[in-house]
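Data block below; observations after.
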Amino acid sequence: MKIYNKFLCMAGVVFLLAGSSLFAEGQSAKDILTKSYQYIGSMDKYAFKAVVLEDDIVDGELVKQKDRHDISVKVDRPGKVRVDTKGDIRNRSGYLNDGTFTMMDHGFGYYGLMKTPKTIDDALDFIFDKYGIKAPLLQLIYSDMDKRLKFKKSKNFGTMMVDGTECDYVAFRGNEAEVHLWITTGDKPLVKTYTIFYTTVEGRPALSTSITWEDNPKISDNDFIFTAPKDAAEISVLSTNE
């Protein structure tokens, strides 16, 4: 099922969830997602690509899938991450390399560097808490995401085929959003696609993400070394507390 077709199907499902108690059936949705995050957290070196389609509110009207971003992620635990984002709104790269984080905005031609803790989890927490910077697809980068799960209700809808792959279909509801995920079954429970519905925003805009995990990715230390483009300018990165 293509991501845009699935998105249209999910528009009806979200209203069903809004009126249900979301009791889990069979294997719990939490167990399925926990196993997926534990599996991802156990991987030392991996890479994936994602296509993100995001609704927008234009002049008070909901415009479905107005913005698209293509994202490439490489992870080499314990201390290296690279995220490249290119799309309608953002065109930037982030490098985390054993205690140094570099953010490059290709559209504006500037970059900033900062010192961080050396491990990925601690560094991500640090740059978000201190600088308000949040990388996309964080839930697939943390090694301990299974311990960070917070939601009010959940439901396991059973299995369904997504692009020829059998997936567990689960959903979660929190205070501000409802998240639907399709996670591959078997011994490699990877998140294949997910949709976030922002339930507190009029029109219930959504963000839909389709993920392709790379088999045997070629990852080297050079992938995480930032080299400033010739015409790029370095800027200072200010703490959100300053």
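Data overview
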{"read-out": "Top-ranked residue of region 75-104 - restricted to ones that are under 19 Å from the mean Cα position of the chain (by Cα) and among the acidic types (Asp, Glu), ranked as surrounded by the most Cβ atoms within 10 Å (Cβ to Cβ)", "value": "ASP76"}
{"read-out": "Checklist (1) in contact with a Leu (Cβ under 9 Å, 6 or more places away or on another chain); (2) assigned to a strand (DSSP E or B); (3) modelled with pLDDT of 85 or more applied to GLN65, failing item", "value": "(3)"}
{"read-out": "Residue check for GLU202: in a strand (DSSP E or B) and among the acidic types (Asp, Glu)", "value": "no"}
{"read-out": "Region 211-236 residues that are in a loop (DSSP other than H, G, I, E, B), paired with ones that are among the hydroxyl-bearing types (Ser, Thr, Tyr) (beta carbon under 7 Å, 6 or more apart)", "value": "PRO217/TYR46; PHE226/TYR95; PHE226/THR102; ALA228/TYR111; ALA232/TYR110; ALA232/TYR111; ILE235/TYR110"}
{"read-out": "Residue match in region 195-206 (condition: touching a Lys or Arg at 6+ places or on another chain (Cβ under 8 Å), without any contact (Cβ under 8 Å) to a residue 24 or more places away in the chain, farther than 16 Å from LYS49 by Cα and not polar (S, T, N, Q))", "value": "yes"}
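Yes/no per residue for (1) free of Cβ contacts under 8 Å to residues at least 60 places away in the same chain; (2) within 29 Å of ASP215 (Cβ to Cβ); (3) out of contact with any strand residue (DSSP E or B) (no Cβ under 7 Å at 6 or more places or on another chain):
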| residue | (1), (2), (3) |
| --- | --- |
| PHE48 | no, yes, no |
| LYS86 | yes, yes, no |
| ILE89 | yes, no, no |
| THR102 | no, yes, no |
| PRO117 | yes, no, yes |
| PHE126 | yes, no, yes |
| LEU138 | yes, yes, yes |
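The values are calculated or read from the model by the stated rules, or taken from the named source; none is laboratory data. As the structure is a computational prediction, the values presented were derived from the model and not from experiment. Methodologically, a virtual Cβ is constructed for each residue, glycine included, from the backbone with ideal geometry; neighbour enumeration extends over all protein chains shown.
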